């Protein structure tokens, strides 16, 4: 049963600390997406990749967020320095271009 | 800006009844639509999708209807079960990559 995996599932950190979230997309999928979900804003697209190349990261605060795909099996989202307003659930999703996006279980981030 | 929105934020339905969840969209260029179900503490789970060259698509206990004339999308769940209690999101895309999500409808199934 292929699925997207994310680590960690929960992260509590203090303001100013670096946070790294990891995602393993479904094997064979060529697009990877990072979303943020909050009660106020709902699901927001932060960035996405196709064939490991970043296509759009316009939804991401550039000064503190960065997204990379070191290889086809790993996508990372980093926040440095983290702020309380970054507290949210971060989802990774993968797909095959025109097909459905499949979501991971999410990383619940709390910045104190 | 253009957005995807839902008509009703909550829906309460009796177990065994049919559920209908509605969604309005405003981007006339959207050609792909999808419904997700999100249970508490989990990621959105794919339910069913439809492309703009269709107006109806059926899955197991679910049917999606698309009315492009009025830019309306609906999800019908037959014989609603307690396990159907969740938040349901519609999403749309005009380029097959980026999905724009609606606010979500919370469905509660009464026993």
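GNM remark for chain B: springs join alpha carbons under 10 Å apart, and the peak mean-square fluctuation among B:38, B:14, B:60 falls on B:60. Among B:42, B:71, B:56, the largest mean-square fluctuation in a Gaussian network model of chain B (Cα springs under 10 Å) belongs to B:42. The residues B:50, B:20, B:77, when put in order of fewest to most other Cβ atoms within 10 Å, stand as B:20, B:50, B:77.
For chain B, modelled as a GNM whose springs connect Cα atoms under 10 angstrom apart, the maximal fluctuation among B:83, B:16, B:41 occurs at B:41.
Quick check on segment A:3-72: of the DSSP beta bridges with both residues there, what percent are antiparallel, nearest 5%?
On the way: 14 of 14 bridges.
Looking only at bridges with both residues in segment A:3-72, the antiparallel portion is about 100 percent.
Bear in mind these aren't lab numbers, they're just calculated from the coordinates by the rules spelled out. Just so it is clear, the structure is predicted and the values come from calculations on it, not from any experiment. Cβ atoms come from the backbone with ideal geometry, glycine included; neighbour counts cover every protein chain shown.
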